[in-house]
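Peer 1: Dropping the structure in here first, questions after.
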Amino acid sequence: MTNKDSSRNKIKTRLFWITIILITWEIMAKSGAFPEAIFPSLLDIARALGDSVVSGEILLQTGFSLVLILEGFLISLLAAILMSSLAVSNKVFNGLVDTLTAIAHPLPGIALLPLIIIWFGTGTLSIIVIIVHSVIWPMILNIMTGFRAISPVYKEAGLNFGLNHFRIIKDIMIPASLPYVLSGMRIGWARAWRALISAEMIFGAVGLKGGLGWYIFKQRVFMDTPGMFAGLFVIVLIGIIVEDYVFAAFEERTVKKWGMI
Amino acid sequence: MKVKVIVSILVFLFFGFTLAGCSTVGKVREEKLQIRIAEQYGLAYAPVQIMKEKKLIEKYLPEIEITWRQLGNTAAIREAMLAGELDVGFMAIPPFLIGWDKGMEWKIACGLSSSPVGLVVNKDNIKSIQDFTPEDRIALPQPGSVQHILLSLASEKLWGDPSRLDNLLVTLGHPDGMNALLAQREVSAHFTTPPYLFKELENPGMHQILDGREAMGEEFTFIVGVTTAELYQDQPKVYDAFLRALEEAVNFMDKNPVETVDILAEAYQIEQEELLKYLEHPDMAYSLEVKGVMKFADFMQKNDYIKREPANLEEVLWDRNDK
Amino acid sequence: MGNDLKDEEDNFRDRAVTIRLRSVSKYYQSSQATLRVLDNIDLDIYQGEILAILGPSGCGKTTLLRQIAGFDHRESGSLLMDGQEIVKPEVKRIMIFQDFNQLFPWKTVIQNVVYPLQVNSIGESDAANNEIALQYLKLVELSGFEDSYPHQLSGGMKQKAAMARALTLKPKVLLMDEPFGSLDALTRISLQNLLLKVWRETGVTIVFVTHDIQEAVILSDRIAVMGRGTVGIKKVIPNLLDRPRVVGVAGYAEIYGYVYSLMDINSER
């Protein structure tokens with residue numbers, strides 16, 4: 001009950017501040033202090049958004065981005081789990097994963113872009129490579145922290161029941177580190193979005209088929225400022241939906257229900 | 001509780017309006033003589049570099065304060081001019097027209113250079129733009145760039161359909177575009193300018209299948225100097241000094257090739273010999289004359305890149321003598 | 001009195017030995033010195049008995065229990081269960097920990113209890129395993145909480161569920177490491193009684209580590225007293241008080257006093 005109340009309260013507070021921000025925005029847009037190309041009015045933005053939705057353009061490009069990001073995200077999640085599992089199983093591999101993470105984690109994906117273009121070209125593969133790079137290292141770090149934080153009692157109980165190494169990882173370590181996996185997923189998701197949008201803004205699209213970053217970039221080069229804000233609006237919207245409905249719901253159904261956080 | 005909410009709203013609004021206020025205050029220009037110019041690298045911008053190194057604006061207006069700003073690309077320059085942070089920017093005609101179409105108060109002050117623009121391919125079997133297959137990819141800086149418009153012009157000429165090749169385009173900055181072309185992966189063509197153009201053609205297996213003039217069907221100015229209405233109307237002395245300085249820079253390059261090469265080699269970090277070769281390319285020319293604006297405008301308006309078309313050149317070109 | 005007890009210990013001589021420890025030693029190597037945690041421990045554990053291992057904290061009683069469980073490596077000695085060397089944890093010796101959080105929090109109570117059955121493919125079907133699990137939950141008086149998650153249970157209930165989970169695999173030996181140590185006094189008494197009921201009904205051998213003399217006296221058939229440092233097992237005392245036992249029954253004070261005297265409580269501090 002209290003949970004519902006607090007989430008209703010959260011929505012109320014959000015709506016309240018969003019309204020205030022929008023009103024301020026509109027007043028400033030209408031005040032004429034800025035050229036319209038810098039500070040378009042809400043109506044213009046809404047119209048641009050409406051037009052893009054009606055023409056299907058923004059939906060298509062959002063879909064394009066979402067498909068890429070989901071692919072990259074799932075690949076990273078599975079690879080991170082696999083690598084972390086190998087790392088806890090084998091000392092040599094642990095050293096390798098540790099070193100790789102230390103080297104690669106601080107590297108922003110965008111800094112690797114020129115290399116990625118040479119190695120993987122300019123297609124969707126490159127974007128997925130950048131997303132995977134952005135997601136996999138923080139994910140591994142989180143999962144490894146989670147593995148280390150597991151109470152030894154769980155593992156010993158498992159060993160006592162005759163579990164083999166694989167089942168210890170699958171049945172005990174992964175669920176037991178789920179709060180960490182989840183926070184790794186959150187960080188990963190945010191980083192994946194950033195990577196995707198920046199990559200799309202740099203090598204854009206193949207042909208007319210591009211994602212949201214490309215959409216924003218295109219509005220920029222054609223100086224369609226309301227259109228740019230429409231693109232940003234979609235990004236914010238997706239961010240809120242994923243955080244409040246996907247991650248929060250997942251959390252509600254797992255770690256919160258299990259009393260793990 | 002209520003008081004807190006009201007206070008936070010007030011604080012929020014205060015910051016909002018302070019921001020708005022700042023920009024209004026910024027608009028009231030001080031009487032000080034000053035000019036803010038976007039600096040760009042590339043051979044097409046050579047006279048700007050000469051003007052800077054030889055301090056030519058200062059020569060005509062000793063008390064002037066010059067700010068040179070480095071910005072990544074045309075879109076950034078356009079945005080900075082829109083925000084009132086720059087007085088002068090150099091760019092190709094199509095991006096200028098897009099800004100003009102969107103109501104930016106700016107016009108072309110002068111031409112700067114004509115430059116080779118070439119479509120380089122890395123496959124022997126591609127002899128003209130007709131030979132692109134759906135698997136080929138053409139890299140160019142961005143949609144709405146002069147390269148994109150030139151490619152559209154060529155497509156229209158050949159097929160009557162300017163967007164025929166749009167599905168093959170990949171947006172890449174010049175250095176990344178060159179890397180992608182030389183990597184011989186899915187990018188099989190790159191529409192670019194010197195020095196990237198020359199460097200690419202030095203590699204085995206690379207050849208050019210289209211150049212700018214061929215696509216345009218006539219000569220055109222590659223880079224133009226664009227200034228804001230503010231500079232032109234409120235600071236006529238500065239505007240005038242700027243144009244004279246640029247003119248002198250162009251003349252200087254013509255008359256002092258040795259010193260020019262010295263200055264540019266230093267500024268662009270290119271070998272002198274190589275630079276000389278580039279400068280002597282027959283298509284590389286510097287002049288304040290402006291060519292091709294109306295053709296670009298006509299084409300871009302017809303194909304929906306811009307919504308309105310200047311009725312005559314004066315609508316987009318500052319008149320030097322109407323002050 | 002010491003002699004009486006000595007004679008009584010002989011009563012156990014003819015009982016079957018389930019686990020036999022001979023010269024078991026365990027060291028911890030630090031950079032400075034070698035810390036002997038267990039030094040030449042000899043101990044027999046008889047089938048069906050409740051053996052309490054009693055000692056102050058730091059005496060190595062948990063280390064000893066973990067040795068019997070097979071969790072830790074040992075430096076020397078032999079540790080046999082039914083004539084076979086113990087080298088790893090096995091389902092015939094199940095450990096119950098002091099930590100309330102030994103149930104898997106992501107599984108409900110019944111899922112926790114069913115899990116070892118699934119892992120070892122005990123029942124013919126999931127339904128059969130469920131049936132077994134329900135039976136043991138009933139034994140530990142936890143019926144009605146099958147679908148609760150561990151975090152919704154009290155500490156005592158968690159330990160009950162852990163007992164049910166341990167018993168499903170029908171282990172020969174239950175190793176309990178101060179399982180009631182963190183419970184309040186009343187809950188502890190009720191769980192002690194429950195443990196005795198479970199022991200009577202299943203006949204399982206129980207090795208019970210505790211630092212509570214009263215608990216040791218109430219529960220056990222024999223008490224192995226350990227001292228601080230490397231003294232090892234000072235003495236194994238038979239505890240033949242009649243069951244059911246409560247504090248203060250005839251003979252209680254004597255045995256309590258004897259154990260107390262062995263533990264050097266006053267001289268240690």
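Peer 1: May I ask you to derive the FRET efficiency for B:R308 and B:A76 from their Cβ-Cβ distance with R0 = 22 Å, giving the value to the nearest 0.05?
Peer 2: Efficiency for this residue pair is about 0.35.
Peer 1: Give the separation of the Cα centroids, region B:38-112 to region B:240-300, in Å.
Peer 2: So the two Cα centres are separated by 15 Å.
Peer 1: Compare the peptides B:268-277, A:77-86, C:211-220 by average per-residue count of other Cβ atoms within 10 angstrom and give them in order, highest first.
Peer 2: Peptide ranking by packing, descending: C:211-220, A:77-86, B:268-277.
Peer 1: Does chain A come out rounded, prolate or oblate by the C-alpha gyration tensor, with a ≥ b ≥ c the root eigenvalues, rounded set by a/c under 1.5 and, if not, prolate when a/b is larger than b/c and oblate if not?
Peer 2: Numbers: a/c = 2.95, a/b = 1.58, b/c = 1.87.
Oblate shape, in that a/c is at least 1.5 and b/c is the bigger or equal ratio.
Peer 1: Rounded to the nearest 0.05, what FRET efficiency do B:N167 and A:R47 give with R0 = 41 Å and r taken as the Cβ-Cβ distance? Could you check?
Peer 2: Taking R0 as 41 Å, the efficiency between B:N167 and A:R47 is 0.90.
Peer 1: Any idea what the dipole of region C:97-170 comes to, in debye rounded to 20, about its Cα centre with Lys/Arg Cβ at +1 and Asp/Glu Cβ at -1?
Peer 2: Charge dipole, region C:97-170, about its Cα centre: 220 debye, nearest 20.
Peer 1: D for chain C, whole µm²/s, Stokes-Einstein with Kirkwood Rh over alpha-carbon pairs at 25 °C and 0.890 mPa s: what number?
Peer 2: Answer, rounded: 126 µm²/s.
Peer 1: Per the Debye formula with a single identical scatterer at each Cα and no solvent contribution, what log10 I(q)/I(0) holds for region B:203-323 at q = 0.18, 0.19, 0.22, 0.23 Å⁻¹?
Peer 2: Values, matching the q order: -1.17, -1.20, -1.27, -1.30.
Peer 1: Could the peptides B:237-249, B:62-74 be put in order, highest first, of the mean number of other beta-carbon atoms found within 10 Å of their residues?
Peer 2: Highest mean packing first, the order is B:237-249, B:62-74.
Peer 1: If you stretched the chain out fully between B:Q208 and B:R244, how much longer would it get, using 0.36 nm times the residue separation minus the C-alpha to C-alpha distance?
Peer 2: 9.3 nm
Peer 1: Could I ask something else about it? Given charges of +1 on the Cβ of Lys and Arg and -1 on the Cβ of Asp and Glu, with all other atoms neutral, how large is the dipole of region A:61-253 about its Cα centre, in debye to the nearest 20?
Peer 2: That gives region A:61-253 a dipole magnitude of about 260 debye.
Peer 1: Would you mind telling me which residue in C:V209, C:V113, C:V37 has the biggest mean-square fluctuation in a Gaussian network model of chain C, where springs connect alpha carbons within a distance under 10 angstrom?
Peer 2: Taking springs between Cα atoms under 10 Å, the residue moving most is C:V37.
Peer 1: About the Cα centre of region A:1-112, how large is the charge dipole given +1 on each Lys and Arg Cβ and -1 on each Asp and Glu Cβ? Please answer in debye to the nearest 20.
Peer 2: Value, rounded to 20: 540 debye.
Peer 1: Using a simple spin-label model with points 7 Å from Cα along the Cα→Cβ vector, what separation in nm is obtained for C:K170 and A:L115?
Peer 2: Between C:K170 and A:L115, the simple spin-label model gives 6.0 nm.
Peer 1: Suppose R0 equals 51 Å; then what is the FRET efficiency for B:D283 and A:Y245 from their Cβ-Cβ distance, rounded to the nearest 0.05?
Peer 2: Step by step, r from the Cβ atoms, then E = 0.30.
Peer 1: Which pairs in the list A:K256/C:K61; A:K12/B:K102; A:K10/B:K2; A:K256/C:K88; A:K30/B:K102; A:K10/A:K155 are over 27 Å apart, alpha-carbon to alpha-carbon?
Peer 2: Too far apart for the 27 Å limit: A:K256/C:K61; A:K12/B:K102; A:K256/C:K88; A:K10/A:K155.
Peer 1: Using a ≥ b ≥ c from the Cα gyration tensor of region C:73-215 (square roots of the eigenvalues), is it rounded, prolate or oblate, where a/c under 1.5 gives rounded and otherwise the larger of a/b and b/c decides, a/b for prolate?
Peer 2: In terms of gyration-tensor shape, oblate.
Peer 1: Shielding of C:159-168 by partners, i.e. mean partner chain Cβ atoms within 10 Å per residue?
Peer 2: Taking the mean over all residues of the peptide, I get 1.
Peer 1: Follow-up question, since we're still on this one. Highest GNM mean-square fluctuation, chain C, Cα pairs closer than 10 Å: which of C:K235, C:K61, C:K160?
Peer 2: So, out of C:K235, C:K61, C:K160, the one fluctuating most is C:K235.
Peer 1: Taking beta carbons within 10 Å but only from partner chains, what does the mean come to for residues A:222-229?
Peer 2: Across the residues of A:222-229, the mean count of other-chain Cβ atoms within 10 Å is 4.
Peer 1: Which pairs in the list C:K26/C:K197; B:K107/B:K199; B:K237/B:K277; C:K158/C:K234; A:K170/C:K172 are over 30 Å apart, alpha-carbon to alpha-carbon?
Peer 2: On the way: C:K26/C:K197 35 Å; B:K107/B:K199 34 Å; B:K237/B:K277 37 Å; C:K158/C:K234 33 Å; A:K170/C:K172 28 Å.
Checking Cα-Cα distances, C:K26/C:K197; B:K107/B:K199; B:K237/B:K277; C:K158/C:K234 exceed 30 Å.
Peer 1: Right, something else. Given C:L241, C:L174, C:I255, which one lies farthest toward the positive end of the charge dipole of region C:165-269, if we put +1 on the Cβ of every Lys and Arg and -1 on the Cβ of every Asp and Glu?
Peer 2: It is C:L174.
Peer 1: Another question, if that's okay. If I model a spin label at B:E274 and B:K157 as a point 7 Å from the Cα along the Cα→Cβ vector, what separation in nanometres do I get?
Peer 2: The answer from the label model is 3.1 nm.
Peer 1: Of the beta bridges DSSP finds with both residues in the protein assembly as shown, what % are antiparallel, to the nearest 5?
Peer 2: 55
Peer 1: Shielding by partners for B:162-169, please: the mean number of other protein chain Cβ atoms within 10 Å of each residue's Cβ.
Peer 2: If you average over the peptide's residues, the count of other-chain Cβ atoms is 2.
Peer 1: For region A:1-69, rounded, prolate or oblate, judged on the Cα gyration tensor with a ≥ b ≥ c (square roots of eigenvalues), a/c < 1.5 rounded, else prolate if a/b > b/c?
Peer 2: In terms of gyration-tensor shape, oblate.
Peer 1: Please give, to one decimal in nm, the separation of the simple spin-label points placed at C:V247 and A:N9, each 7 Å out from Cα toward the Cβ.
Peer 2: 4.5
Peer 1: Further question: Per residue and in Å³, how big is the convex hull formed by the alpha-carbon atoms of chain B? Let's see the in-between values first.
Peer 2: Numbers: hull volume 59.1 nm³, N = 323.
For chain B, the hull spanned by Cα atoms encloses 183 Å³ per residue.
Peer 1: Now, a different point. Sorted by packing (mean other beta-carbon atoms within 10 Å per residue), highest first, where do C:126-135, B:179-188 land?
Peer 2: Packing proxy ranking, top to bottom: B:179-188, C:126-135.
Bear in mind these aren't lab numbers, they're just calculated from the coordinates by the rules spelled out. The structure displayed is predicted, hence computed values, not measured ones. Using ideal geometry, Cβ is built from the backbone for each residue, glycine included, and neighbour counts are taken over all protein chains shown.
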